[in-house]
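Each value in this text was obtained by applying a stated rule to the coordinates, not by laboratory testing. Treat the numbers as computed from the prediction; the structure is a model and nothing was measured. With ideal geometry, Cβ positions are generated from the backbone for all residues, glycine too; neighbour counts draw on all protein chains shown.
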Amino acid sequence: MMLVTEIFYSLQGEGSRRGRPCAFVRLTGCPLRCTWCDTAYAFHGGKEMSVQEILDELATFPTHLICVTGGEPLAQAETRDLLTALIEADYEVVLETSGALDIGGCNEFVIMIMDWKAPASGEVTKNLLANVELLRPEDEVKFVLQDRLDYDWACGQLLAHRFDQRVDTVLFSPVHGKLDPAELAAWILEDGLPVVLQLQQHKLLWPDQRRGV
C-alpha cells in the first residue's frame, strides 16, 4: 500500500511538457524541508491506496501523461513498482524528484525531472552526487533559484557537472514571489546560458489555488 496525498487532472505546469493535460499522483512524505516548499501539505497524512487502486483512478482521466510527484515520491519503497505498473499500462510517465534520494532502479522508460537543490533551499548538502552519473539525455534537471547567490551557484554547478551536456533540458526557475522572473531572464541572457527559463504555469493560471493544480 502507498500513501497518496492527492490524485488530480490538470495541465502540466513545469518542464518541457508544460501546458499539456496531465494526471498527477502526489505521494505523501518528504525527508527534505526546503525553505520555499509549496507542497508542505504533502509531508504528512494521505490516503492508503494500492497500486491497482491508483491505476483505476488514473484511468478516469482523458490523458496518457502521468506525473508522479510529492513530497518526495522516492521516499516510498513502493514507488518503483508504481512507475513500472504505469509504464506497463502504456502511460507516458514523468517522475518529479529531488536530487537527494537515489534515482537508480526506476523503470528505464520513466522520465526523471531532478530538482538539484540550491543554497537558499536550506537543503543544498542533501544533493546526491551519484545521481548525476545516472542522468540520461531525455531526463531534465531543474534549479529553483531564490536570489543572485543561488543563480551564481547554479552556474557553477552547470559547469562542474556538465548538466547541459548530460540532459537535453536544464531548467532555471525563480522561487515564486521571491525572485523577479524578468531579473532571472536578464541574467540568463547576459551570460548566454544553455538553459530554459521556467515559470510555474499553474501558478499563473490559478494563483489562488494551492492544491489540485
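Among the GluC sites (Glu not before Pro) found in region 36-140, those both in a DSSP coil and sparsely packed, with 12 or fewer other Cβ atoms within 10 Å of their Cβ, are Glu108. Using a Gaussian network model of the chain in which every pair of alpha carbons under 10 angstrom is joined by a spring, one finds that among Thr28, Thr84, Thr97 the greatest mean-square fluctuation is at Thr84.
In plain terms, the residue of Ile103, Ile87 with the fewest other Cβ atoms within 10 Å comes first and the most crowded comes last, giving Ile87, Ile103. Once the Cα atoms are used to define both axes, helix 148-161 deviates from the longest principal axis of the chain by about 80 degrees. Reported to the nearest whole Å, the Cα centre-to-centre distance from region 1-56 to region 161-202 is 24. The ranking of Met49, Met1 from fewest to most other beta carbons within 10 Å of each one's beta carbon is Met1, Met49.
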